Amino acid sequence: MPLTEKKVLDSNNGLELQDLRNEEINRVCFKESSFHDIDMRDTSFAHTNFVNSKWEHIYFSGVTINMIQMGGTIFENIVRPKAEKSHLLGEPGTGNWVNVEPVMFKNSDLSTAIFDSCNLTNVELKNCNIDGLRIDGILIKDLIEKYKNRD
């Protein structure tokens, strides 16, 4: 059952989409729904429950996430696009746009997080509590202390 009779063609691949641009959708239940070929550029979510949701092939660039509880969340196969080519080239809604700005975590509690097989090249930690932080089983705080006292 369509939400609207209005239609629009996706300029990237010619898919016919229901045209819900500039609509305000409130108090809707999408429980157990499936979304495909969705263009949600410039969309805002507030007071939204995504518990046990599965997101795949998401063009997630230039997004701000604030006040989010992410216990039990798993991020897999996260990629930074190369400067010249998007990894999601041809996906609906991307417009072939590439964002190569760094990803930032601010005022976040990542305690007990596990980074497994991650490329952390040029990662910078600023003003962070590193008590108990280990890399390959080695306490980083101990390494820093040894470095500072190497004289």
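So the values come out like this:
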read-out: Top-ranked residue in the range 59-78 [being of a type in the set (Val, Ile, Thr) and more than 16 Å from residue 116 (Cβ to Cβ); ranked as surrounded by the fewest Cβ atoms within 10 Å (Cβ to Cβ)]; value: 64
read-out: Flag if residue 41 is modelled with pLDDT under 85 and not small (Gly, Ala, Ser); value: yes
read-out: Test: residue in the range 42-57 that is more than 18 Å from the chain's Cα centre (by Cα) and hydroxyl-bearing (Ser, Thr, Tyr); value: no
read-out: Residue 21 surrounded by 10 or more Cβ atoms within 10 Å (Cβ to Cβ) and in contact (Cβ under 8 Å) with a residue 24 or more places away in the chain; value: no
read-out: Near pairs, Cβ below 8 angstrom, 6+ apart or cross-chain, from the range 45-74 (part of a loop (DSSP other than H, G, I, E, B)) to any residue that is surrounded by 10 or more Cβ atoms within 10 Å (Cβ to Cβ) and of a type in the set (S, T, N, Q); value: 59/86; 59/94; 61/99; 62/99
read-out: Residue count, the range 1-18 (criterion: part of a loop (DSSP other than H, G, I, E, B) and under 22 Å from residue 58 (Cβ atoms)); value: 7
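Here is a yes/no grid of residues against (1) loosely packed, with under 10 Cβ neighbours inside 10 Å; (2) modelled with pLDDT of 80 or more; (3) of a type in the set (Val, Ile, Thr); (4) closer than 30 Å to residue 18 by Cβ:
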| site | (1), (2), (3), (4) |
| --- | --- |
| 82 | no, no, no, no |
| 86 | no, no, no, yes |
| 101 | yes, no, no, no |
| 107 | yes, yes, no, no |
| 120 | yes, yes, no, no |
| 144 | no, yes, yes, no |
| 148 | yes, yes, no, no |
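The values are calculated or read from the model by the stated rules, or taken from the named source; none is laboratory data. Worth saying up front: this structure is predicted, and the values here are computed from it rather than measured. Every residue, glycine as well, gets a Cβ built from its backbone with ideal geometry; the counts of neighbours run over all protein chains shown.
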